[in-house]
Every structure is written in C-alpha cells, then in structure tokens.
Amino acid sequence: MPELMESAPQSRIETVTDILHGVLVTDHYRWLEQQNSTETRRWLETQTRYAHSHLESISGRERIRARVCEFLSVEAYDSLLIAGDRYFFRKRAADAEQASIYMREGCHGRDELLIDPAEQGDGKYAAVRPLSVSPHGDLLLFEKKYGGERTGRFEIFDIGTRRCLPDSLPHGYLRGFKFAANSSGFYYAHESSRAARPSYRAAYYHIWGTPREDDQEIFFAGEHHHLRLCLTSEHEQLGFLVYRFADKTYTSFYLNSSPFARDAEAVLCEAPFFFSPILVGGNLLGLTDFDAPNLRVVKVKPRAGRAPEFQDLISESSARIQRCERSGQHLLISYLAGAGTEVRVCRLDGILQSKIRRGDAETIRIVSQAEDSDEIFFETESFAKPKKIFRYDLGSGTATPWVTCKQMQIDSALYGFSQTYYPSSDGTEIPILLFGRKDFLEHGRHPVVMTGYGGYGISMTAKFSVFVMFLVESGCLFALPQIRGGSEGGGAWHEMGRRHNREKPIEDFIAAAEWLIRSGRTTAEQLATFGGSNSGLLVMAAMVKRPDLFCCVLSMAPLLDMLRYHLFDTAHAWTDEFGAAEDPSDFATLLRYSPYHNVRDGTSYPSVLFVSGDEDRTSNGLHARKMTARLQAASASGNPILLDYNKFRGHAPVLPFSARIEGLTDRLAFVVDRLRLPV
C-alpha cells in the first residue's frame, strides 16, 4: 500500500489569454493539452501516485474487489452475426482477460473457437470483435483494437483454412464494408490513421489477392476533415452517405444500381435534417426527422435535380423512434416504453405484425437478424438483471434464451423501481426513475447515487450496471432523472436541451438533486453523482454551479473545456449539438456552463475523481488533465481531487478483465469512502 500523500501535487501555471468576441478568457493550464510532452508525462506520473495513495488506502477495498470479481467472473456473449446456418459471436470465458470470436454450426451447435486475441501476440490489451460475414458464411471481417482506442485494424478470416487472408485494412476508422456477392472481393469506406491525404473521403473496391494501392475508387465525396463518408449496401446495390459537419450537420445520399458508383444518383443533397437509408430490394426506405421530430419511416422516391418525395410507411407517433432495422422481410422499430423499450415488428409495407415487450423496466436491443429467416435475436437487461440474449421466432411470436451460462448472483426479487416526476427550475415536469431495495423505495432517508445524460437525443432506460448494483446492494438508492436533451419526451425534448438550450439539462439535473433532498430521500452529505462522456460533462457542470449539493463526483471521459473541445480529434462533428466558440451566440452559452471556465478560486468543492487516458479520441484526455489541475488549485474544502489516468484507456470499453476489476474497484472505493457506506 503506497504512503498517503496528504497534499495535491502543485501544477505549474502558465497563463494564456484569448480574446473571444471582446471577452478575455484565461487558461492557466493549456500546456497540459500537450499529451506527450515530457512535462505532461511527469505531471501524470505525480498525479497517478497521488490518486493511488488515496484510492488504495481506503478501508474495505479488498472486499469491494472480491464482490466486483463475483459480478464479472461470468461468461459473456455479444456481437452476434448470422450467415445461413452459421452463427458468429464474441464470448469471454469467466476468467479470460478478453473475449474471443467463436462460431456455431446451427443455432444450438457447439461453440467453436476461431480467433483468440491472446494468441495474436499483442498482450492483454488487444481485443477482437466480429463485424461482418460473407453471404455464404465462409469469410469473416473482424476488428483488432489495442486498449480503449476507437480506431482499429481490420482483417479477414477464412473459415475453411482457419487463417487470416493477406487482404486487410490498416489502422483507422472503417465507415462501411460489404463483401461482393460474386465472391470477387469487397467494397469499403475507410479512413486510415496514417494516410498521406488524411482528409480524402472515398469508397473503394478491392479484388482478393491484389495490393491495396491498386484498389479501384468507386466514389469520391470530397477532401476535407469536416466530411464523413459511410457506405451502406444490399446485395450488389451500394449507397453512399455523406455527412458535412459545419454550423449544423448536412446529409447527402447517393445510390447506385450497379457495383460501381460511376452511375451513382444523387438522392439527397445537403439536407439539414436527419436521414438514415434502408435499402430493400431495389427500393429505398429511410428513417428521418424531416417534418417529424419523433421520426418516421418513409419510402423515398428520387426526383432528378429536386428533393426526393417522402411517402410515409410508418408515421410519426407520440413516442420517438429509438432505432429502425431491417430483418429480411420485416422492419424492427424500437420505441421508448416506460423505463424500458418496446420493439414493433412491421412488414416492409409498414403494416404492424407483432410487438416484443418484456416489462415496464426492461430495455430491449436488437443484436442480429438473419436474411430470409423468421428468427431475430435481441438482448434484454434491466436495473437488476444483466444482459441476456434471446431468440425470437417471428412465426410463433415466442422468445427463448439463446445461451444458458452462469449468471451473476443477484436476488432481483429484493429490488424494485418507481417512476415519478419533479419540477425543474422553469416549472417543467421531469420524469425520474428510482431503483433500490423495495423497502428503501417506500420510505426513509438513504445515500443516493445519481446520474443522467441529457444529450444527442439519447433516452435513458433501465440498464444493468455493476457499479450501480454494488452501491444499491450496499444501501444506496439509484436516481436517474430523464432530463431534457435526451428524447424521453420526444424530439422536442432533445431540442429543449441542445446547443443554445444546453443549460437546461444542467438545471434539470440540479433540480433533481434539490428534489431528492427536499423530499427527504437523502441529504447533500449522502448524494453522490457520476457520469461518462456527455454525462461526465453534465455532472461536472452541475457540481461547479452548485458544489453544495453533492458529496462526491465521478467524471469519466468527460468534455470540460467547452471553448476548445471542437479543436481536437473528431469533436468538430458535435458542433450541431454544442455549438462552437467561434459563433458569438454559441460562445455566450458555452462560457456560461463550461466547467473548466467556471471554477472559482476559494470555493469549497466536493471530492472529485476523474477517469481518463491517452487513447481517448472522443473526449480527449486534455479535459480531465486541465480540470484536475484547475480544481486542485482552486478548491478550499480539502477534499481530494483525483485523476485516475491510464495510457491504454480510451472511449471504447475494451480494457482487459483485470484492468476492469481494478478500475471498478477504484471507482467504487472512492464513492463508498465518501458516502461512508458499510461494505
């Protein structure tokens, strides 16, 4: 156990002053944006020692680790793909560092190991995932990642020879892939991390056994880093979806009826609305929010030189569509339903055939479907039940478990949930989900752990979390306010919390904390909050604005410097959601809530644990680094401000089993210690 370091490390101040729209903005720690500088690496080493000295000295840590091991030491299945009678999937054995790729011959055949990342020679941080399978099930495209990076390498595995082909795609982002129906090669859209022209956006056709430099360009979208090209397909029909990220996101779609896009027809050009194409046997369908904030499914009729005609197949309803996928001759439409989801099975002409519903507090997620088959597969989960895969027969309407394996030991009958409403600062009624022991839900004051999201139109439903389940077992209530910025109240709910309205989700979150205290469910000394990514921004913005409301805050992979977020990696793609400081009206909003710019010297801040790492190219680690230094210098409370930083950690949840155990143990120990929970 390391010796406890009482005082936070001192961070050098080097003030940089910008003048934005006539406003002076100071930044004391911009030097920490240089991730690989010698000074930043030394700073990180010191911060790591400081964080570990606190986290590893917490009483009960070993008991926490033991329970985390019990939770995670189970078999786990995911990433199911189907081709004919072959089923490909990823499975992690109970004691394995990473999941491996397996195959079954037949739905209930024997699990046959195909690709074990431990045999790839890259160490325990290497991970693999199946992405696409050829029509005959003889070739498998899979991704190789290292650590938490979003990018990867892409290889093709020959099922017959049990070897990888020399035809591969280098490290980067794969934006679309399709095996050619005639088995001659494949089509792809790929952004290489080491391309000589990194902003060149094109799709290609590759013939087996030929050099990648000889691949034929079949579509060119342009050359600019604000462009993104995605490939979609059905049989030999290819579609090219082009996004342009500017003041908002503009969408174009091109369609060809032959394998080569010299005949590509412009269907949609620079549309300022959401459009997701669905190719169906020569017809084009689409999911769109055009004239439908809650989304609708349309049949698209292209018109040369003009905007296409949209004809409703599935009209907009009071509930917002969460996802739409094609399964053979059916469309699977997911809607929010209470604290969970409902999937409606429709024919391709939009006629409803059946519904899949598992309960008021269960989330359903379609994971795979076989072409020209009556079977689909979906995952379910709830607050008290981990993910489980079911096979659903469209003909009979019955669902049966696809795999039976050791489950986490949880007595789910002890726990329940409730949904109620509370008023936000402007009087808007906000729904909130509460989960915990049934007797705790009914009465008494208890420790509470709370999170929210409030962005991108993402709805928060009942999902399983080891982190939450441990704390609920230890005597906490879990609170999940469904704040504005998501789509729990439809498309308008998202608009109420987007861009210039970004302060509304923060106000809703603060109002939830106030309501929990005012209603007698908890106290500020017993209220912990956590979040990751956009949620990591949310909890820090709320804490900086109202530090008196929270006992401790856990912020994972957050955005925190909202005046500069869009200047790094691919974050420029989120301008439509947040805005950008170059725009005067955006700047005013961003400055009011940007956590980094609203820290005040001499303020008593609660305990904070940041979690970040070098490989995060979605929420660059600079945000956590700069905010750690700023809070450590400003806080007058004496509460620890800690940074848990790992060079392998990124935005993708693919760290090895042992690293996941240590990471969860650290986070739980931090919250348990701050809330003084019995372990």
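Here, each number is a calculation from the coordinates, and none is a lab measurement. On a predicted model such as this, the values are computed, not experimentally measured, just so you know. Note that each Cβ is placed from the backbone with ideal geometry, even for glycine, and that neighbours are counted across all protein chains shown.
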Worksheet item: Is the stretch 513-592 best put as rounded, prolate or oblate by its Cα gyration tensor, with a ≥ b ≥ c the root eigenvalues, rounded for a/c under 1.5, and otherwise prolate when a/b is larger than b/c, oblate when not?
Response: prolate
Fill in: Packing-based exposure ordering (other Cβ within 10 Å, fewest first) of Cys552, Cys164
Cys164, Cys552
Worksheet entry | Net charge contributed by nearby residues that have their C-beta within less than 10 Å of Lys91 (K/R +1, D/E -1) | -1
Practice prompt. Give the relative contact order (percent, whole number) for the stretch 185-337; include only Cα pairs under 8 Å separated by 6+ residues.
Written response: 11
Discussion item. What does the C-alpha gyration tensor say about the overall shape of the chain? Classify as rounded when a/c is under 1.5, otherwise prolate if a/b is larger than b/c, or oblate.
Written reply: rounded
Fill in: Shape of the stretch 375-503, Cα gyration tensor, a/c cut at 1.5
oblate
Practice prompt. Can you work out the PRE-style zone for His171? Point 7 Å along Cα to Cβ, and I want the residues of the stretch 102-131 with backbone N under 18 Å.
Written response: 120-129
Response to the item:
For Leu313, the residues 5 or more places away or on another chain with a placed amide H closer than 5 Å to its own amide H are Val297, Val298, Lys299
Worksheet, complete the sentence: Going residue by residue through the stretch 539-550, the Karplus relation 6.51 cos²θ - 1.76 cosθ + 1.60 with θ = phi - 60° gives ³J(HN,Hα) values, rounded to whole Hz and with x marking Gly or Pro, of 5, 6, 5, 5, 5, 5, 6, 9, x, 6, 8, 10
Response to the item:
Once Lys and Arg are counted +1 and Asp and Glu -1 for all other residues with Cβ under 11 Å from that of Cys230, the total becomes +2
Worksheet item: With a 10 Å Cβ neighbour count serving as the proxy for reagent exposure, in which order, fewest first, do Lys545, Lys626 appear?
Response: Lys545, Lys626
Practice prompt. Please state the charge dipole magnitude for the stretch 360-462, taken about the Cα centre, from unit charges on C-beta atoms (+1 on K and R, -1 on D and E), reported in debye and rounded to the nearest 20.
Written response: 540
Item to complete: Quick one: which residues, 5 or more positions from Phe648 or on another chain, have an amide H under 5 Å from its amide H? H modelled 1.01 Å from N in the peptide plane, none for Pro or chain starts.
Response: Asp614
Item to complete: Measure off 7 Å from each Cα along the Cα-to-Cβ vector at Arg546 and Ser37, then give the distance between these two points in nanometres to one decimal.
Response: 3.7
Item to complete: Based on other C-beta atoms within 10 Å, arrange His566, His330, His500, His623 from fewest to most.
Response: His500, His330, His566, His623
Discussion item. Let me check I've understood the local charge: for Glu143, count other residues with C-beta under 12 angstrom from its C-beta, Lys and Arg +1, Asp and Glu -1. What total comes out?
Written reply: +4
Fill in: Cα-derived Rg over Rh, computed across the stretch 610-679 with Rh taken as Kirkwood radius
1.01
Item to complete: Give the calculated FRET efficiency between Thr210 and Glu119 to the nearest 0.05, with a Förster radius of 22 Å applied to their Cβ-Cβ distance.
Response: 0.20
Worksheet item: Just from its helices, what would the mean residue ellipticity at 222 nm be for the chain, if runs of 4 or more DSSP H residues each count -39500 (n - 2.57) and the sum is divided by every residue, rounded to the nearest 500 deg cm²/dmol?
Response: -5500 deg cm²/dmol
Response to the item:
Under the Karplus relation with 6.51, -1.76 and 1.60 and θ = phi - 60°, whole-Hz ³J(HN,Hα) for the stretch 58-73, x at Gly and Pro, equal 6, 5, x, 4, 5, 5, 5, 4, 4, 6, 4, 4, 4, 4, 8, 7
Item to complete: Name the residues whose placed amide hydrogens come within less than 5 Å of the amide hydrogen of Gly497, ignoring near sequence neighbours (fewer than 5 apart) on the same chain.
Response: Gly485
Fill in: Net dipole in debye of the stretch 569-618 [+1 Lys, Arg Cβ; -1 Asp, Glu Cβ; about Cα centre; nearest 20]
360
Worksheet item: Taking a 29 Å limit on the Cα-Cα distance, which of the listed pairs Lys144/Lys463; Lys385/Lys626; Lys178/Lys301; Lys91/Lys647 fall beyond it?
Response: Lys385/Lys626
Response to the item:
The base-10 log of I(q)/I(0) that the Debye equation returns for the stretch 86-152 at q = 0.15, 0.24 Å⁻¹, one scatterer per C-alpha, is -0.49, -1.08
